[in-house]
Number of protein chains: 2
Amino acid sequence: MPSSLQVCAAELLDSVLLVMQAIRVEMRSRRTPDLTIPQFRALIFINRLPGGTLSELAENVGLTTPSMSKMIEGLVGKGLVRRESCAQDRRRVNLTLTASGRALLEQARGGSQQALAQRLSSLPVQERQSLVQAMRSLARVFSSEEAPPSAREAKRNVRPLKTVSPKRTGR
Amino acid sequence: MPSSLQVCAAELLDSVLLVMQAIRVEMRSRRTPDLTIPQFRALIFINRLPGGTLSELAENVGLTTPSMSKMIEGLVGKGLVRRESCAQDRRRVNLTLTASGRALLEQARGGSQQALAQRLSSLPVQERQSLVQAMRSLARVFSSEEAPPSAREAKRNVRPLKTVSPKRTGR
DNA sequence: TATTGTTATACTCTATAACTATA
DNA sequence: TATAGTTATAGAGTATAACAATA
(Lines give C-alpha, C1' and ligand atoms only; values in the text may rest on other atoms or scores of the structure.)
Protein backbone atom coordinates (compact mmCIF):
# COMPACT_ATOMS: atom_id res chain seq x y z
CA MET A 1 0.00 0.00 0.00
CA PRO A 2 2.23 2.82 -1.22
CA SER A 3 -0.19 5.59 -0.37
CA SER A 4 -0.01 4.81 3.31
CA LEU A 5 3.40 6.40 3.64
CA GLN A 6 2.27 9.57 1.89
CA VAL A 7 -0.90 9.75 3.91
CA CYS A 8 1.12 9.39 7.05
CA ALA A 9 3.52 12.13 6.02
CA ALA A 10 0.66 14.43 5.08
CA GLU A 11 -1.09 13.94 8.40
CA LEU A 12 2.18 14.50 10.22
CA LEU A 13 2.85 17.70 8.32
CA ASP A 14 -0.56 19.15 9.07
CA SER A 15 -0.47 18.25 12.73
CA VAL A 16 3.04 19.48 13.31
CA LEU A 17 2.21 22.84 11.78
CA LEU A 18 -0.83 23.10 14.01
CA VAL A 19 1.01 22.20 17.17
CA MET A 20 3.91 24.44 16.28
CA GLN A 21 1.54 27.31 15.98
CA ALA A 22 0.27 26.69 19.48
CA ILE A 23 3.85 26.74 20.71
CA ARG A 24 4.52 30.03 18.93
CA VAL A 25 1.42 31.60 20.38
CA GLU A 26 2.47 30.56 23.84
CA MET A 27 6.00 31.87 23.44
CA ARG A 28 4.74 35.19 22.13
CA SER A 29 2.21 35.51 24.92
CA ARG A 30 4.79 35.76 27.67
CA ARG A 31 5.19 39.04 29.42
CA THR A 32 8.87 38.97 28.57
CA PRO A 33 9.44 37.15 25.34
CA ASP A 34 12.84 36.07 26.52
CA LEU A 35 13.70 33.78 23.68
CA THR A 36 13.14 33.59 19.98
CA ILE A 37 12.44 30.14 18.66
CA PRO A 38 15.91 29.79 17.12
CA GLN A 39 17.40 30.78 20.48
CA PHE A 40 15.17 28.25 22.17
CA ARG A 41 16.40 25.59 19.81
CA ALA A 42 20.00 26.61 20.38
CA LEU A 43 19.62 26.28 24.14
CA ILE A 44 17.99 22.89 23.70
CA PHE A 45 20.90 21.72 21.58
CA ILE A 46 23.56 23.01 23.95
CA ASN A 47 21.74 21.47 26.86
CA ARG A 48 21.58 18.14 25.11
CA LEU A 49 25.21 18.14 23.97
CA PRO A 50 27.18 20.39 26.33
CA GLY A 51 30.63 21.27 25.09
CA GLY A 52 29.56 21.29 21.46
CA THR A 53 31.12 23.72 19.04
CA LEU A 54 29.68 26.67 17.18
CA SER A 55 29.67 24.88 13.84
CA GLU A 56 27.81 21.89 15.18
CA LEU A 57 25.25 24.15 16.75
CA ALA A 58 24.86 26.24 13.61
CA GLU A 59 24.33 23.18 11.49
CA ASN A 60 21.81 21.74 13.91
CA VAL A 61 19.77 24.92 14.26
CA GLY A 62 20.10 25.70 10.59
CA LEU A 63 21.94 29.01 10.64
CA THR A 64 25.24 30.05 9.11
CA THR A 65 28.19 30.26 11.48
CA PRO A 66 28.32 34.07 11.40
CA SER A 67 24.67 34.25 12.36
CA MET A 68 25.15 31.71 15.09
CA SER A 69 28.23 33.52 16.32
CA LYS A 70 26.14 36.64 16.69
CA MET A 71 23.33 34.80 18.43
CA ILE A 72 25.78 33.23 20.85
CA GLU A 73 27.33 36.61 21.50
CA GLY A 74 23.90 37.78 22.61
CA LEU A 75 23.22 34.72 24.73
CA VAL A 76 26.63 35.03 26.37
CA GLY A 77 25.86 38.68 27.00
CA LYS A 78 22.63 37.70 28.72
CA GLY A 79 24.53 35.21 30.85
CA LEU A 80 22.72 32.20 29.45
CA VAL A 81 25.60 30.52 27.64
CA ARG A 82 29.25 30.01 28.51
CA ARG A 83 31.72 30.16 25.64
CA GLU A 84 35.23 28.83 26.30
CA SER A 85 37.97 28.16 23.85
CA CYS A 86 38.81 24.51 23.50
CA ALA A 87 42.07 23.36 25.07
CA GLN A 88 43.00 20.83 22.39
CA ASP A 89 42.19 23.01 19.42
CA ARG A 90 42.11 26.66 20.28
CA ARG A 91 40.27 27.61 17.12
CA ARG A 92 37.19 25.94 18.51
CA VAL A 93 34.85 27.06 21.24
CA ASN A 94 33.01 24.90 23.73
CA LEU A 95 29.48 25.95 24.47
CA THR A 96 27.67 25.14 27.69
CA LEU A 97 24.63 26.51 29.46
CA THR A 98 25.02 28.56 32.60
CA ALA A 99 22.70 27.96 35.52
CA SER A 100 20.57 30.86 34.27
CA GLY A 101 20.53 29.34 30.83
CA ARG A 102 19.29 26.03 32.16
CA ALA A 103 16.70 27.80 34.27
CA LEU A 104 15.40 29.85 31.38
CA LEU A 105 15.32 26.83 29.13
CA GLU A 106 13.30 24.96 31.71
CA GLN A 107 10.97 27.90 32.06
CA ALA A 108 10.43 28.23 28.32
CA ARG A 109 10.00 24.52 27.93
CA GLY A 110 7.63 24.45 30.88
CA GLY A 111 5.48 27.20 29.41
CA SER A 112 5.19 25.49 26.06
CA GLN A 113 4.58 22.17 27.70
CA GLN A 114 1.85 23.68 29.82
CA ALA A 115 0.12 25.13 26.78
CA LEU A 116 0.22 21.77 25.06
CA ALA A 117 -0.98 19.98 28.16
CA GLN A 118 -3.99 22.25 28.29
CA ARG A 119 -4.98 21.24 24.79
CA LEU A 120 -4.22 17.59 25.38
CA SER A 121 -6.32 17.50 28.51
CA SER A 122 -9.43 17.07 26.41
CA LEU A 123 -8.09 13.84 24.92
CA PRO A 124 -9.22 10.53 26.39
CA VAL A 125 -6.50 8.86 28.40
CA GLN A 126 -6.22 6.04 25.95
CA GLU A 127 -5.58 8.38 23.05
CA ARG A 128 -2.96 10.17 25.10
CA GLN A 129 -1.20 6.91 25.69
CA SER A 130 -1.24 6.10 22.01
CA LEU A 131 0.06 9.56 21.33
CA VAL A 132 3.02 9.04 23.63
CA GLN A 133 3.89 5.86 21.81
CA ALA A 134 3.62 7.59 18.46
CA MET A 135 5.79 10.48 19.63
CA ARG A 136 8.46 8.03 20.66
CA SER A 137 8.39 6.45 17.23
CA LEU A 138 8.79 9.88 15.74
CA ALA A 139 11.63 10.83 18.01
CA ARG A 140 13.42 7.64 17.10
CA VAL A 141 13.15 8.32 13.40
CA PHE A 142 13.83 12.05 13.45
CA SER A 143 16.51 12.37 16.07
CA SER A 144 19.05 10.15 14.34
CA GLU A 145 22.29 12.05 14.14
CA GLU A 146 22.86 11.15 10.51
CA ALA A 147 20.26 13.14 8.69
CA PRO A 148 18.92 11.63 5.48
CA PRO A 149 21.67 11.91 2.87
CA SER A 150 19.60 13.85 0.39
CA ALA A 151 18.81 16.62 2.84
CA ARG A 152 22.38 16.97 4.06
CA GLU A 153 23.83 16.98 0.59
CA ALA A 154 21.33 19.48 -0.61
CA LYS A 155 22.00 21.73 2.33
CA ARG A 156 25.75 21.67 1.83
CA ASN A 157 25.92 21.78 -1.92
CA VAL A 158 23.14 23.99 -3.08
CA ARG A 159 24.97 27.22 -2.54
CA PRO A 160 28.30 26.39 -4.19
CA LEU A 161 26.45 25.11 -7.22
CA LYS A 162 24.75 28.40 -7.80
CA THR A 163 26.61 30.77 -10.04
CA VAL A 164 24.53 33.78 -9.19
CA SER A 165 23.39 33.95 -5.60
CA PRO A 166 19.79 35.19 -5.59
CA LYS A 167 20.28 37.09 -2.36
CA ARG A 168 18.13 34.84 -0.27
CA THR A 169 18.66 36.45 3.09
CA GLY A 170 16.86 37.00 6.33
CA ARG A 171 14.52 34.29 7.33
CA MET B 1 -2.34 9.73 37.10
CA PRO B 2 -1.66 13.44 36.77
CA SER B 3 1.85 13.04 35.42
CA SER B 4 0.62 11.30 32.31
CA LEU B 5 -0.65 14.53 30.82
CA GLN B 6 2.64 16.30 31.42
CA VAL B 7 4.62 13.40 30.05
CA CYS B 8 2.48 13.43 26.97
CA ALA B 9 2.93 17.16 26.50
CA ALA B 10 6.69 16.87 26.97
CA GLU B 11 6.99 14.11 24.41
CA LEU B 12 4.85 16.06 22.01
CA LEU B 13 6.96 19.18 22.44
CA ASP B 14 10.21 17.35 21.78
CA SER B 15 8.91 15.51 18.76
CA VAL B 16 7.27 18.52 17.19
CA LEU B 17 10.47 20.52 17.47
CA LEU B 18 12.38 17.69 15.85
CA VAL B 19 9.96 17.28 12.98
CA MET B 20 9.71 21.01 12.48
CA GLN B 21 13.43 21.15 12.09
CA ALA B 22 13.28 18.55 9.34
CA ILE B 23 10.67 20.67 7.59
CA ARG B 24 12.84 23.78 7.88
CA VAL B 25 15.84 21.96 6.49
CA GLU B 26 13.80 20.78 3.56
CA MET B 27 12.41 24.23 2.81
CA ARG B 28 15.85 25.79 3.00
CA SER B 29 17.34 23.12 0.78
CA ARG B 30 15.32 24.07 -2.28
CA ARG B 31 17.13 25.66 -5.14
CA THR B 32 14.68 28.52 -5.00
CA PRO B 33 13.48 29.04 -1.48
CA ASP B 34 10.19 30.33 -2.74
CA LEU B 35 8.48 30.70 0.57
CA THR B 36 9.40 31.57 4.10
CA ILE B 37 7.65 29.53 6.73
CA PRO B 38 5.34 32.41 7.71
CA GLN B 39 4.44 32.82 4.04
CA PHE B 40 3.83 29.10 3.81
CA ARG B 41 1.51 29.30 6.79
CA ALA B 42 -0.28 32.31 5.30
CA LEU B 43 -0.95 30.44 2.07
CA ILE B 44 -2.19 27.45 4.04
CA PHE B 45 -4.61 29.65 5.95
CA ILE B 46 -5.90 31.46 2.88
CA ASN B 47 -6.32 28.16 1.11
CA ARG B 48 -8.29 26.75 4.01
CA LEU B 49 -10.50 29.80 4.47
CA PRO B 50 -10.66 31.69 1.16
CA GLY B 51 -12.13 35.15 1.41
CA GLY B 52 -10.71 35.74 4.85
CA THR B 53 -9.56 39.19 5.87
CA LEU B 54 -6.14 40.54 6.66
CA SER B 55 -6.79 40.75 10.39
CA GLU B 56 -7.95 37.17 10.61
CA LEU B 57 -4.91 36.02 8.72
CA ALA B 58 -2.56 38.12 10.84
CA GLU B 59 -4.02 36.72 14.03
CA ASN B 60 -3.79 33.18 12.77
CA VAL B 61 -0.23 33.43 11.56
CA GLY B 62 0.79 35.50 14.55
CA LEU B 63 1.92 38.73 12.96
CA THR B 64 0.75 42.30 13.42
CA THR B 65 -1.51 43.67 10.71
CA PRO B 66 1.16 46.01 9.31
CA SER B 67 3.55 43.09 8.94
CA MET B 68 0.90 40.96 7.35
CA SER B 69 -0.10 43.80 5.06
CA LYS B 70 3.48 43.94 3.85
CA MET B 71 3.72 40.21 3.42
CA ILE B 72 0.51 40.16 1.42
CA GLU B 73 1.77 43.02 -0.69
CA GLY B 74 4.70 40.79 -1.60
CA LEU B 75 2.57 37.74 -2.26
CA VAL B 76 0.20 39.78 -4.42
CA GLY B 77 3.22 41.12 -6.28
CA LYS B 78 4.35 37.58 -6.96
CA GLY B 79 0.91 36.70 -8.24
CA LEU B 80 0.22 34.17 -5.52
CA VAL B 81 -2.58 35.94 -3.68
CA ARG B 82 -5.57 37.96 -4.85
CA ARG B 83 -6.58 40.91 -2.69
CA GLU B 84 -10.01 42.41 -3.33
CA SER B 85 -11.87 44.94 -1.27
CA CYS B 86 -14.99 43.59 0.34
CA ALA B 87 -18.31 44.69 -1.15
CA GLN B 88 -20.24 44.90 2.11
CA ASP B 89 -17.55 46.73 4.07
CA ARG B 90 -15.06 48.45 1.86
CA ARG B 91 -12.53 48.85 4.65
CA ARG B 92 -11.94 45.12 4.56
CA VAL B 93 -10.08 43.03 2.03
CA ASN B 94 -10.85 39.51 0.89
CA LEU B 95 -7.88 37.27 0.34
CA THR B 96 -7.83 34.28 -1.97
CA LEU B 97 -5.14 32.23 -3.64
CA THR B 98 -4.51 32.53 -7.33
CA ALA B 99 -3.93 29.40 -9.39
CA SER B 100 -0.18 30.01 -9.05
CA GLY B 101 -0.61 30.39 -5.33
CA ARG B 102 -2.37 27.08 -5.05
CA ALA B 103 0.24 25.45 -7.25
CA LEU B 104 3.13 26.80 -5.20
CA LEU B 105 1.43 25.79 -1.99
CA GLU B 106 1.00 22.30 -3.30
CA GLN B 107 4.60 22.21 -4.38
CA ALA B 108 5.90 23.41 -1.03
CA ARG B 109 3.63 21.07 0.82
CA GLY B 110 4.70 18.23 -1.45
CA GLY B 111 8.36 18.89 -0.81
CA SER B 112 7.94 18.91 2.95
CA GLN B 113 5.73 15.86 2.79
CA GLN B 114 8.31 14.05 0.73
CA ALA B 115 11.04 14.81 3.24
CA LEU B 116 8.89 13.51 6.06
CA ALA B 117 7.92 10.42 4.09
CA GLN B 118 11.57 9.62 3.62
CA ARG B 119 12.13 9.61 7.35
CA LEU B 120 8.92 7.72 8.06
CA SER B 121 9.77 5.02 5.57
CA SER B 122 11.96 3.34 8.16
CA LEU B 123 9.00 2.91 10.51
CA PRO B 124 7.18 -0.42 10.58
CA VAL B 125 3.80 -0.23 8.92
CA GLN B 126 2.01 -0.81 12.16
CA GLU B 127 3.72 2.13 13.83
CA ARG B 128 2.86 4.29 10.87
CA GLN B 129 -0.78 3.36 11.24
CA SER B 130 -0.70 4.21 14.93
CA LEU B 131 0.98 7.47 14.04
CA VAL B 132 -1.80 8.39 11.64
CA GLN B 133 -4.36 7.79 14.36
CA ALA B 134 -2.40 9.87 16.81
CA MET B 135 -2.03 12.71 14.31
CA ARG B 136 -5.79 12.74 13.84
CA SER B 137 -6.27 13.03 17.57
CA LEU B 138 -3.86 15.92 17.60
CA ALA B 139 -5.53 17.66 14.69
CA ARG B 140 -8.87 17.35 16.41
CA VAL B 141 -7.59 18.95 19.58
CA PHE B 142 -5.42 21.64 18.06
CA SER B 143 -7.46 22.79 15.11
CA SER B 144 -10.46 23.95 17.10
CA GLU B 145 -11.25 27.47 16.09
CA GLU B 146 -11.70 28.67 19.64
CA ALA B 147 -8.20 28.65 21.02
CA PRO B 148 -7.87 28.05 24.74
CA PRO B 149 -9.09 31.19 26.50
CA SER B 150 -5.89 31.81 28.38
CA ALA B 151 -3.78 31.94 25.25
CA ARG B 152 -6.12 34.28 23.42
CA GLU B 153 -6.49 36.62 26.33
CA ALA B 154 -2.78 36.69 26.91
CA LYS B 155 -2.12 37.43 23.28
CA ARG B 156 -4.56 40.29 23.12
CA ASN B 157 -3.88 41.88 26.44
CA VAL B 158 -0.22 41.55 27.07
CA ARG B 159 0.86 44.53 25.05
CA PRO B 160 -1.65 47.11 26.27
CA LEU B 161 -0.82 46.17 29.85
CA LYS B 162 2.79 47.04 29.44
CA THR B 163 3.66 50.59 30.32
CA VAL B 164 7.10 50.53 28.80
CA SER B 165 7.35 48.56 25.63
CA PRO B 166 10.67 46.70 25.69
CA LYS B 167 11.13 47.01 21.96
CA ARG B 168 10.66 43.38 21.22
CA THR B 169 10.89 43.48 17.48
CA GLY B 170 11.93 41.34 14.61
CA ARG B 171 11.27 37.69 15.10
C1' DT C 1 47.23 25.52 3.18
C1' DA C 2 42.88 24.27 5.56
C1' DT C 3 39.71 25.10 9.23
C1' DT C 4 37.15 27.54 13.10
C1' DG C 5 35.21 31.36 14.36
C1' DT C 6 34.56 36.61 14.10
C1' DT C 7 33.89 41.18 11.97
C1' DA C 8 31.92 44.13 8.23
C1' DT C 9 28.17 45.11 5.54
C1' DA C 10 23.66 44.73 3.42
C1' DC C 11 19.07 43.16 3.03
C1' DT C 12 14.67 41.09 4.85
C1' DC C 13 11.33 40.66 8.40
C1' DT C 14 8.71 42.43 11.91
C1' DA C 15 7.30 45.87 15.20
C1' DT C 16 5.31 50.45 16.84
C1' DA C 17 3.42 54.85 15.53
C1' DA C 18 0.92 57.66 12.58
C1' DC C 19 -2.25 57.92 8.99
C1' DT C 20 -6.32 57.15 5.45
C1' DA C 21 -10.63 55.49 4.30
C1' DT C 22 -14.86 53.58 5.58
C1' DA C 23 -18.54 52.50 8.88
C1' DT D 1 -15.97 57.89 17.18
C1' DA D 2 -14.42 53.20 16.06
C1' DT D 3 -12.46 49.92 12.87
C1' DA D 4 -9.66 47.77 8.76
C1' DG D 5 -5.88 48.36 6.50
C1' DT D 6 -1.64 51.00 4.79
C1' DT D 7 2.49 53.89 5.09
C1' DA D 8 6.62 55.53 7.68
C1' DT D 9 10.30 54.45 10.37
C1' DA D 10 13.39 51.72 13.14
C1' DG D 11 15.34 47.58 15.26
C1' DA D 12 16.50 42.64 15.20
C1' DG D 13 17.94 38.64 12.54
C1' DT D 14 20.27 36.49 8.98
C1' DA D 15 23.11 36.19 4.90
C1' DT D 16 27.52 36.74 2.11
C1' DA D 17 32.21 38.38 2.01
C1' DA D 18 36.40 39.31 4.07
C1' DC D 19 39.32 38.52 7.85
C1' DA D 20 42.10 36.60 12.09
C1' DA D 21 43.83 32.92 14.60
C1' DT D 22 45.14 28.33 14.95
C1' DA D 23 46.24 23.73 13.16
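Structural remarks
- Complete set of residues in the range A:80-131 that are aliphatic (A, V, I, L, M) and more than 16 Å from A:Q39 (Cβ to Cβ): A:A87, A:V93, A:A99, A:A115, A:L116, A:A117, A:L120, A:L123, A:V125, A:L131
- For the condition modelled with pLDDT under 95 and either within 7 Å of DNA strand C (Cβ to nearest atom) or more than 26 Å from A:I23 (Cα to Cα) (or both), B:P38 qualifies.
- Extreme residue, farthest from DNA strand C (Cβ to nearest atom), among residues of the range A:76-134 that are over 19 Å from A:G51 (Cβ atoms) and not in a helix (DSSP H, G or I): A:P124
- When the criteria are applied in full, B:S85 meets the requirement of being over 17 Å from A:Q21 (Cα atoms) and over 17 Å from the mean Cα position of the chain (by Cα).
- Qualifying residue in the range B:45-59 (condition: assigned to a helix (DSSP H, G or I), at pLDDT 95 or above, within 13 Å of DNA strand C (Cβ to nearest atom) and touching a Lys or Arg at 6+ places or on another chain (Cβ under 7 Å)): no
- Residues (within 15 Å of the chain's Cα centre (by Cα), within 13 Å of DNA strand D (Cβ to nearest atom) and within 14 Å of chain A (Cβ to nearest Cβ)) located in the range B:62-82: B:L63, B:T64, B:M71
- Cβ pairs under 9 Å, 6+ apart, first in the range B:94-120 and farther than 15 Å from B:L18 by Cα and within 14 Å of another protein chain (Cβ to nearest Cβ), second charged (D, E, K, R) and outside any helix (DSSP H, G or I): B:Q107/B:D34; B:A108/B:R30; B:A108/B:D34; B:G111/B:R30
- Cβ-Cβ under 9 Å pairs, at least 6 apart or on other chains, the range A:76-93 side among the basic types (K, R) and modelled with pLDDT of 95 or more, far side within 11 Å of DNA strand D (Cβ to nearest atom) and outside any strand (DSSP E or B): A:R83/A:I72; A:R83/A:E73; A:R83/A:L75; A:R92/A:C86
- Members of the range B:60-70 that are at pLDDT below 90 and either within 16 Å of B:Q113 (Cβ to Cβ) or polar (S, T, N, Q) (or both): B:N60
The values are calculated or read from the model by the stated rules, or taken from the named source; none is laboratory data. Bear in mind that the values here come from a model prediction, so they are computed numbers and not experimental data. Here Cβ is always computed from backbone atoms with ideal geometry, including for glycine, and neighbour counts include all displayed protein chains.
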